[in-house]
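First the structure, in the form of structure tokens, and then the observations on it.
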Amino acid sequence: MADYIEQLQAIIDASSKIVFFGGAGVSTESGIPDFRSQDGLYSQKWKYPPETIISRSFFDANPKEFYRFYREKLIIKGVKPNAAHYKLAELEQAGKLLAVVTQNIDGLHQAAGSKRIYELHGSTLRNFCMDCRAPYDIDFIADSADSPDSLPRCAKCGGLVKPDVVLYEEGLDDNVINGAVQAIAAADTLIIGGTSLVVYPAAGLINYFNGNNLVLINKSETAADSKADLVIHDSIGKVFSQIKVS
């Protein structure tokens, strides 16, 4: 393990345009469960698989069930950034990190101090009325369980308030995608962490990388392991906690 850390340290020291591409594994180390995992009580609470519930067609047809799942599984309060989030913010402040491209929707990169973040799947921190576009915070959605119809209704027009997250069957935001592509294409080092690279189109973004070093840090193998210059099968937080920024 020490050899891998030394190799990663050397790559980071020699790089000035790093981009980090992260997935659920970055957030699980902060205590946020991967919503795709189904615990033993899952079938007693929900009659549908997570991917079905977090889809646009399900949202439109069964909003009460969608929000019941969303409030319990996707709104996790009291969590804090971990070593990986803080190290990435430190790298950005040192002028070595160009951007963070994330599939996560929890806002932990911002909480750690990162500024240039491309949230491919949106954020639970942003919510908008579908009719008048009035903005609402995460607590508004969380507290909507106590509303008359258990739905988050706009205080201005009564419209349904929808989280600014990309559901299955919805397209990714063009501006976010373009920004992420430009950052990855400009990078001299791409570090991929906490993702198995199975969710598309997000996972396909790494094909735009033409830099010198492709680094993969994930607890399990990924389809891109054979393409990487350095592969570390370990906790992203554990690895990053050993990296020094100069």
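The values are calculated or read from the model by the stated rules, or taken from the named source; none is laboratory data. Because the structure is a prediction, the values reported are computed rather than measured. Quick reminder, even Gly has a Cβ in these numbers, built from the backbone with ideal geometry, and neighbours come from all protein chains shown. Only protein heavy atoms, including side chains, enter the accessible area calculation; ligands, DNA and RNA are left aside. Shrake-Rupley method; radii C 1.70, N 1.55, O 1.52, S 1.80 Å.
Overview of results
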read-out: Backbone N within the stretch 139-164 under 16 Å of label point (7 Å from Lys64 Cα along the Cβ vector); value: 144-153
read-out: Additional length obtainable on full extension of the chain from Val198 to Asp174, 0.36 nm per residue less Cα span; value: 6.6 nm
read-out: Rounded to the nearest 10 Å², the accessible area of Phe128 at probe 1.4 Å; value: 50
read-out: Cβ-Cβ FRET estimate between Met130 and Lys227, R0 fixed at 45 Å, reported to 0.05; value: 0.65
read-out: FRET efficiency, 1/(1 + (r/R0)^6) with R0 25 Å, evaluated for Lys45 and Lys219 via beta carbons; value: 0.40
read-out: Under 25 Å from Lys238, Cα to Cα: lysines that are on another chain or at least 8 residues apart; value: Lys17, Lys77, Lys80, Lys87, Lys96, Lys115, Lys219, Lys227
read-out: Expected 222 nm ellipticity per residue - DSSP helices of 4 or more, -39500 (n - 2.57), all of the chain, to 500; value: -8000 deg cm²/dmol
read-out: The stretch 87-139: trypsin sites (Lys or Arg not before Pro) in DSSP loop, at most 14 other beta carbons within 10 Å; value: Lys115, Arg116, Arg133
read-out: Label-to-label distance, nm, for residues given as Asp137 and Ser246 (7 Å Cα→Cβ offset); value: 4.2
read-out: Angle between the chain longest axis and helix 174-186 axis [Cα atoms, degrees, rounded to 10]; value: 10
read-out: Net charge, Gly31 excluded, C-beta distance under 14 Å - Lys, Arg +1, Asp, Glu -1; value: 0
read-out: Pairs of alpha carbons in the chain whose separation is greater than 28 Å (percent); value: 34
